[in-house]
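The block underneath contains the structure these notes are about, expressed in structure tokens.
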Amino acid sequence: MTEILAADAPGIARAASLLAAGGLVAFGTETVYGLGADATNDRAVAAIFAAKGRPHFNPLICHYPTAAAAFEHVEPTPFARALAAAFWPGPLTLVLPRRLTCPVALLAGAGLDTLAVRVPAGAAVLALLRATGLPVAAPSANRSGQVSPTSAAHVLDGLGGRIAAVLDSGDCPVGVESTVLDLTAERPFLLRPGGVSREAIETVIGPVRRGVTPQAAEASRTLRSPGLMVSHYAPALPVRLNAVSVAADEALLAFGPPLPGAGAMFQLSETGDPVEAAARLFAGLRALDRSACRGIAVMAVPEAGLGLAINDRLQRAAAPR
Ligand code: TXA
Ligand code: MG
């Protein structure tokens, strides 16, 4: 049963406590309804992907009540500070470098060194973000492949019964998603047009290019995935999939009972639970990438539930570079 919460003090308190406990709570923003989870809780973030039925792990936007709170987790550039002052709270998302101390789960950022952050507008969502004190990771609150919801009823159509609660703050006034601007390269890149126009952004920071950063374009090319809007995390060590045995100079990414003999091992899920495995995937790849081994052997993960998204990422990690 999905709880329908009113956007009043008791409803917001209930939504905040569900988020703190690792639950999924949909909430209205000025753009569209988001499907929120505690961004520092990797199991809760994995549950977002499971509820949406996403076949791959897109990086998620982290939501904060203030620019100061956001900039504790990412490094603001002068452009970022100027845009935050001009448009936050509001429908603008900024992609910035993660700080080393950033507590956001790697899965929320799809393993990247960057993080998308925004301060949404709306009394209810801001009250919720203040009440949790947590960064809240939230994609649009629709099943994968469906359009973004702009009312609580839309959210329930797609996700009723699959999430803990929806905080009903009425219809979303903007109705299209936030503008996503990448500020990690020398020049700003508009990754997704949205609620703040390019012209409005350009009055604050000057010319903005449409498209992806040169680094992201290069990464998409080498991963042979044209059309990808963001680059993907890939380990430096070669990755070997569907391993049925492992050498002493290989590191093993295990799923279920581990193969014997590996030089290093990281267990995704002892019990073979794909939600747990998704939550640990990027941390596992990074840990094994730092081992002294010559490659990473990966045990097969069944194509069920989040297994699809896990295998999508593992195939990209294993693609020839
Ligand atoms: O208005 C919105 O932005 C809504 C509300 C809920 O905030 N959220 C939303 O999230 O539309 P989602 O997950 O549907 O779209 C997020 C977009 C995707 O295009 C994703 O690729 C991009 O932001 N993105 C997120 N993190 C990124 C990163 N580190 N680098 C580049 N792009 C990123
Ligand atoms: Mg979406």
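The values are calculated or read from the model by the stated rules, or taken from the named source; none is laboratory data. Nothing here was measured: the structure is a model prediction, and the numbers come from that model. Every residue, glycine among them, receives a Cβ derived from its backbone with ideal geometry; neighbour counts consider all protein chains shown. Just so you know, the surface numbers come from the protein's heavy atoms only, side chains and all, with ligands and any DNA or RNA stripped out. Shrake-Rupley method; radii C 1.70, N 1.55, O 1.52, S 1.80 Å.
For the range 159-176, a residue qualifies if it is within 24 Å of Leu115 (Cα to Cα) and open to solvent by 60 Å² or more (accessible area, probe 1.4 Å), and the qualifying residues are Val174, Val176. Working only within the range 7-35, note down all residues that are buried (at least 24 other Cβ atoms within 10 Å of the Cβ) and closer than 25 Å to Thr179 by Cα. Scanning the range 7-35 gives Leu24, Val25, Ala26, Phe27, Gly28, Thr29, Thr31, Val32, Tyr33, Gly34, Leu35. Looking at (1) at pLDDT 95 or above; (2) under 18 Å from Asn311 (Cα atoms); (3) open to solvent by less than 40 Å² (accessible area, probe 1.4 Å); (4) not hydrophobic (A, V, I, L, M, F, W, C), which is the only condition His232 fails? So His232 meets the others, but not (1). Looking at the range 129-142 only, could you name the residues that are open to solvent by 40 Å² or more (accessible area, probe 1.4 Å) and either within 11 Å of ligand 2 (Cβ to nearest atom) or free of Cβ contacts under 8 Å to residues at least 24 places away in the same chain (or both)? Matches in the range 129-142: Gly133 only.
Taking Ser220 and the conditions (1) modelled with pLDDT of 95 or more; (2) of a type in the set (Gly, Ala, Ser); (3) touching a Ser or Thr at 6+ places or on another chain (Cβ under 9 Å), which numbered condition does it fall short on, given that it satisfies the others? (1) is the only condition that Ser220 fails. For the range 49-66, the condition of being away from ligand 2 (no atom under 13 Å from the Cβ), open to solvent by 10 Å² or more (accessible area, probe 1.4 Å) and free of Cβ contacts under 8 Å to residues at least 60 places away in the same chain holds for at least one residue. For the range 104-125, filtered to residues that are under 17 Å from Pro65 (Cβ atoms) and not in a loop (DSSP other than H, G, I, E, B), the residue that is most open to solvent (accessible area, probe 1.4 Å) is Ala123.
Each row is one residue, and each column tells you yes or no for (1) in a strand (DSSP E or B); (2) more than 16 Å from ligand 2 (Cβ to nearest atom); (3) open to solvent by 60 Å² or more (accessible area, probe 1.4 Å).
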site: Ala127; (1), (2), (3): no, yes, no
site: Ser144; (1), (2), (3): no, no, no
site: Thr150; (1), (2), (3): no, no, no
site: Asp157; (1), (2), (3): no, no, yes
site: Val180; (1), (2), (3): yes, no, no
site: Ala185; (1), (2), (3): no, yes, no
site: Leu191; (1), (2), (3): yes, no, no
